[in-house]
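As structure tokens, the structure follows; a few thoughts come after it.
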Amino acid sequence: MKLTALVLAPHADDEVLGMGGTIARLVSEGHRVVVAVLTGHGVKTHPIWPASHWDVVRKECRSACDVLGVQELIFGELPAACLDVTPAWKINTVVSEIVQQVKPRELYVPFGFDLHKDHGAIAYAASVAARPYTDSARSIARVLAYETLSETHLAPPYLAPPFQPNVFVNITETVEHKIQAMQAYKSQLQEGNMPRSIGALRSLAHLRGTHIGCAAAEAFVLLSEYVR
């Protein structure tokens, strides 16, 4: 059965880092994949970056999604790196409207206890939007959290729950799509032993692959599943 998957990315490149291989696999299997990048410059002057910053990264995002085969890309304008001071109702409204628009069967979200507070805010908003008893969330059968290099494993130990995956997706056939998509993010890609380097992506994919006995995989936490 073909399905619609909605990937909520707090920032452009989170979709590739967290589940680029899975996205490419879903597309190759004929499923509909929608990527929603939720933050940008915002409607007011941004306190850190000029508007031109997003001209660059969004062009890179489009190129990355082309590599993965994604044909539906949504850009939001929540102010990046400012969601900790943005009213929750505003964030919740943006996410809820996208969920209602896309009507996904599978919803992919950042891990709620990532170091970056934007990730936590989007994860919370997704939980609000995906409340299973609401009419607007009736299409959703599964909600999964992905891991993001440089953010997921940096929360202080014992103060926040760790990322303990219980769903693994074999991306042996699509890991190179993930690598090529990340290479499209020239402004975000890191070198050497940094977390957003090609070497780090390959290492994590290999490690996750060992959990299910394959060359490369991506890992998720199953947050909820509904058999209606």
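The values are calculated or read from the model by the stated rules, or taken from the named source; none is laboratory data. Remember, it's a predicted structure, so these values are computed and weren't measured experimentally. Backbone-built Cβ (ideal geometry, glycine too); neighbour counts: all protein chains shown. Each accessible area value is taken on the protein alone, full model and side chains, heavy atoms only, with ligands, DNA and RNA left out. Shrake-Rupley method; radii C 1.70, N 1.55, O 1.52, S 1.80 Å.
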Next item on the list: Could you list, in sequence order, all residues of the stretch 129-153 that are modelled with pLDDT of 95 or more, over 17 Å from the mean Cα position of the chain (by Cα) and outside any loop (DSSP other than H, G, I, E, B)?
Entry: Ala137
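Looking only at the stretch 168-178, which residues are in contact (Cβ under 8 Å) with a residue 12 or more places away in the chain and surrounded by fewer than 19 Cβ atoms within 10 Å (Cβ to Cβ)?
Looking only at the stretch 168-178, we keep the residues that are in contact (Cβ under 8 Å) with a residue 12 or more places away in the chain, and these are 168-175, 177-178.
Answer for the stretch 168-178, where residues must be in contact (Cβ under 8 Å) with a residue 12 or more places away in the chain and surrounded by fewer than 19 Cβ atoms within 10 Å (Cβ to Cβ): Phe168, Thr172, Glu173.
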Check: Within the stretch 215-228, can you find the residues that are assigned to a loop (DSSP other than H, G, I, E, B) and surrounded by 12 or more Cβ atoms within 10 Å (Cβ to Cβ)?
Finding: Ala215, Ala216, Tyr226
Notebook entry, point to check: Within the group Thr93, Thr45, which residue is modelled with pLDDT of 95 or more and of a type in the set (S, T, N, Q)?
Noted result: Thr93
Notebook entry, point to check: Give me the pairs: first residue in the stretch 58-69 and assigned to a loop (DSSP other than H, G, I, E, B), second residue open to solvent by less than 30 Å² (accessible area, probe 1.4 Å), beta-carbon distance under 8 Å, and six or more apart or on different chains, which are they?
Noted result: Gly69/Ile23; Gly69/Ala24; Gly69/Val33
Notebook entry, point to check: Scanning for something open to solvent by less than 20 Å² (accessible area, probe 1.4 Å) and either in a strand (DSSP E or B) or modelled with pLDDT under 95 (or both), does the stretch 13-30 turn up at least one residue?
Noted result: no
Next item on the list: Give the residues of the stretch 70-89 that are open to solvent by 50 Å² or more (accessible area, probe 1.4 Å), assigned to a strand (DSSP E or B) and farther than 28 Å from Gly21 by Cβ, sorted by residue number.
Entry: Glu77
Next item on the list: Any chance you could count how many residues in the stretch 193-214 are open to solvent by 60 Å² or more (accessible area, probe 1.4 Å) and either touching a helix residue (DSSP H, G or I) at 6+ places or on another chain (Cβ under 8 Å) or within 22 Å of Leu115 (Cβ to Cβ) (or both)?
Entry: 5
Margin query: For the structure I just gave you, tell me whether Met182 is among the aliphatic types (A, V, I, L, M), under 28 Å from Lys59 (Cβ atoms) and over 17 Å from the mean Cα position of the chain (by Cα).
Written below: no
Next item on the list: Mind telling me which of the residues Ile98, Ile179 ends up being in contact with a strand residue (DSSP E or B) (Cβ under 6 Å, 6 or more places away or on another chain) and either assigned to a helix (DSSP H, G or I) or among the polar types (S, T, N, Q) (or both)?
Entry: Ile98
Margin query: Here are the criteria: (1) out of contact with any Pro (no Cβ under 8 Å at 6 or more places or on another chain); (2) free of Cβ contacts under 8 Å to residues at least 40 places away in the same chain; (3) open to solvent by less than 50 Å² (accessible area, probe 1.4 Å). Tell me which single one Tyr133 does not satisfy.
Written below: (3)
Note to self: Name the single residue that is nearest to His11 (Cα to Cα) among those in the stretch 112-125 being assigned to a loop (DSSP other than H, G, I, E, B) and either of a type in the set (Gly, Ala, Ser) or open to solvent by 20 Å² or more (accessible area, probe 1.4 Å) (or both).
What the structure shows: His116
Notebook entry, point to check: Within the stretch 103-142, which residues are hydrophobic (A, V, I, L, M, F, W, C) and closer than 23 Å to Ala205 by Cβ?
Noted result: Leu107, Val109, Phe111, Phe113, Leu115, Ala123
Checklist line | Qualifying position, being touching a residue at least 24 places away in the same chain (Cβ under 8 Å) and within 16 Å of the chain's Cα centre (by Cα), among Asp118, Asp84 | finding: Asp118
